[in-house]
Each structure stands twice: as structure tokens, then as C-alpha cells.
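Nothing in this text is a laboratory measurement; each read-out follows from the coordinates by a stated rule. Keep in mind that this is a model prediction, so the values were computed, not measured. Here the Cβ positions follow ideal geometry from the backbone for every residue, glycine too, while neighbour counts run over all protein chains shown.
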């Protein structure tokens, strides 16, 4: 298993691929609380799970 890929994504039961939003770890002073709240949610990738599963 590719550890770098498995730490960054999660495949749901229905096959969707979720990932963490960028820009959470630095430069937080210029972002509002609303922006940070939106970024804390997981986001879905627009590619299919079978293209990512080959890296797992």
C-alpha cells in the first residue's frame, strides 16, 4: 500500500474519494473563521475511485 496516498484520502462505502482541503496549516492570520470552517470539511474528488485504488 502506498502510505502517502492512504494518509491523504479516504474512500467511502459508496466509492467516493474524500480528501482534506489545502491551506489549513499555515497563513491562518489572513483567513476568516468562516473560511477555516469550510476548509475543515472533507472534500470529494472528481475522479473515480478505480483510478486511485491502483495506488493503494
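Springs between Cα atoms under 10 Å define the GNM used for the chain, and in it the highest mean-square fluctuation of 44, 29, 21 occurs at 29.
Between residue 42 and residue 11, 0.36 nm times their residue separation minus their Cα-Cα distance comes to what? Please list the in-between numbers first.
Working: separation 31, 0.36 × 31 = 11.16 nm, distance 1.14 nm.
Going from the current span to full extension adds 10.0 nm.
The simple Förster model, with R0 at 25 Å and r as the Cβ-Cβ distance, assigns residue 53 and residue 25 a FRET efficiency of 0.35.
Restricting to Cα pairs below 8 Å that are 6+ residues apart, what does the relative contact order work out to for the chain? Please round to a whole percent. Don't skip to the end; give the middle numbers.
On the way: 54 pairs, mean separation 24.6, N = 56.
Here the relative contact order equals 44 percent.
As a test of the formula, what do you get for the chain when each DSSP H run with n ≥ 4 contributes -39,500 (n - 2.57) and the sum is divided by the residue count, at 222 nm and rounded to the nearest 500 deg cm²/dmol?
Numbers: 3 runs with 19 residues, N = 56.
Mean residue ellipticity, 222 nm, calculated: -8000 deg cm²/dmol.
Note on log10 I(q)/I(0) by the Debye sum over Cα atoms at q = 0.13, 0.18, 0.25 Å⁻¹: of the candidates (1) -0.36, -0.57, -0.81; (2) -0.41, -0.67, -0.97; (3) -0.36, -0.62, -0.96, the value calculated from this structure sits at (2).
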